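Right, one structure below, let's go through it.
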Amino acid sequence: MDAVDVDLIPEADSPSSGMTALRIGRALHEWARRHGALASRDAAPSDENLSLEVIFDTDIESAKRISQALHRLKITAIAADNENESVAVMCKGAISSAADKKLPKRVHGLNFSYIGKSAIETNPPAIPYSAASGSPLWFTHDGRISCGSSVTCSQTFDAGTLGFLATLRDGRIVGFSNNHVTGECNHTPSGMHILSPSPFDASSSSPPPLAIGTHLELVALGSGDPQQITQQEIDAAIFLITEPDRVTSIQGNGSYDTPPEAIAPAAGMRVKKVGRTTGLRNGTITGATVLPLAIPYKSGRFQSIVYFTDVWIVAGEGGNTFAEPGDSGSLVVTLDGSRAVGVVFAGGGSVSFIIPLQKILTHFNLSLLSGHNVEVQHEPSASSASAPAQA
């Protein structure tokens, strides 16, 4: 009996009920982890231990064909949404027509989808500015730095995205990005200058880097066995805005204002964001990861796997990625721009990973700042003309 046949031996009796999207997603992830069909060796385990026959409610011959397809594709992550009765399977390989025919689309009353060319990558350094690349990198509105622009800690030669402005309970204005952007993975000293645009992106046609704030607080990144430590929920840092008249809550070159309220993400929700690297992009939320997601971090003074819970996956639309390196920290909003949903913090290939925004607002006790320095813009800014956003 070959290895694939051994994999297909039923490991538990099929339950008569309770086959929710989350349970099926966890069972498929655990099957892939146990049988070498995962792209990563660092995946967290699950106590849902079912055979493929049970997971896909099929016979052993059909399960064998599914197994062969998944072993070739390699699963990177699985998202599920009980309310929408959906399971989305992210795969490292491209989904060929032959593989697509083998993969079930509706089982146990659940809709299955498969997304190829997806990965879980480290927080790679952003690509340096190049006029040929067409990357926006910075945005202005009536001469002020907009959200979505390039930002960094002054002691780091890298770049991420200024996600949004917010207010503390005492009324002070702060800016937001990921810990791995302006917090340098736990190592930015209190009071250190935060620059926008990043010197990493400096060019003769860009605005000069401006110290728009000073580092205030971060959520520390932790590492270790996911079964023994408190798992990570957010990748976040905030900085006091010291130049409130030089920044605006507008996203991009007047695309839309930062919305004043946040809502929870949901599978099927269409969203958009403005980021330092890709500018304005649309996407669709596929669901939340069924198990803690292992994200490899690497910076000058921090290198480790960090396990995140409640991570939501966004697939790009129109043949585009939703976010790319340098877009970390971007604020994700509903397609009509009326509500904020989350922030980008990782991704790979065709998918991006976001954290629900409400967790960040609650942790820092923040209120989204809308309408800050928002005047009617009568003509495109110089940076908009020289480096248009990619739609």
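Readers should treat all values here as calculations from the given coordinates under stated rules, not as data from a laboratory. Because the structure is a prediction, the values reported are computed rather than measured. When we count neighbours, we look across all protein chains shown, and the Cβ atoms used for this are built from the backbone with ideal geometry, even at glycine.
Please list, ordered by chain and number, the residues whose modelled amide H lies under 5 Å from the amide H of residue 165; skip anything fewer than 5 residues away on the same chain.
Residues meeting the amide H criterion: 369.
Between rounded, prolate and oblate, where does the range 30-116 land on the alpha carbon gyration tensor, with a ≥ b ≥ c its root eigenvalues, rounded for a/c under 1.5, else prolate if a/b exceeds b/c?
It is rounded, given that a/c, with a ≥ b ≥ c, falls under 1.5.
Can you compute the modelled spin-label distance between residue 168 and residue 101, with each label point 7 Å from Cα toward Cβ, in nm?
That separation, rounded to one decimal, is 6.3 nm.
Would you please state the base-10 log of I(q)/I(0) at q = 0.10, 0.11, 0.13 1/Å for the chain, with intensities from the Debye formula using one equal scatterer on every alpha carbon?
Listed by q, the Debye log ratios stand at -0.63, -0.75, -0.98.
Peptides 256-263, 158-165: what's the order by average Cβ count within 10 Å, highest mean first?
Ranking the peptides 256-263, 158-165 by packing returns 158-165, 256-263.
Roughly how many whole Å is it from the C-alpha centroid of the range 171-216 to that of the range 44-71?
Value for the Cα centre distance between the two parts: 47 Å.
Can you compute the modelled spin-label distance between residue 57 and residue 82, with each label point 7 Å from Cα toward Cβ, in nm?
About 1.8 nm separates the two model spin labels.
Compute the FRET efficiency between residue 117 and residue 374 as 1/(1 + (r/R0)^6), taking r as their Cβ-Cβ distance and R0 = 41 Å, and round to the nearest 0.05.
Once rounded, the FRET efficiency stands at 0.60.
In terms of Cα to Cα distance under 15 Å, which aspartates and glutamates are near enough to residue 117, apart from those fewer than 8 places away along the same chain?
100, 317, 324
At what distance in nm do the modelled label points of residue 303 and residue 49 sit from each other, each positioned 7 Å from its Cα along Cα→Cβ?
The modelled label-to-label distance comes out at 3.5 nm.
From the helices alone, meaning DSSP H stretches of at least four residues, give me the mean residue ellipticity at 222 nm for the chain, per-run term -39500 (n - 2.57), in deg cm²/dmol to the nearest 500.
-4000 deg cm²/dmol
Compute for the range 230-324: radius of gyration divided by Kirkwood radius, i.e. Rg/Rh, restricted to C-alpha atoms, rounded to two decimals.
1.00
Can you list the DSSP H helices in the chain whose Cα atoms extend at least 15 Å along the helix axis and whose mean Kyte-Doolittle hydropathy is -0.5 or higher?
60-73
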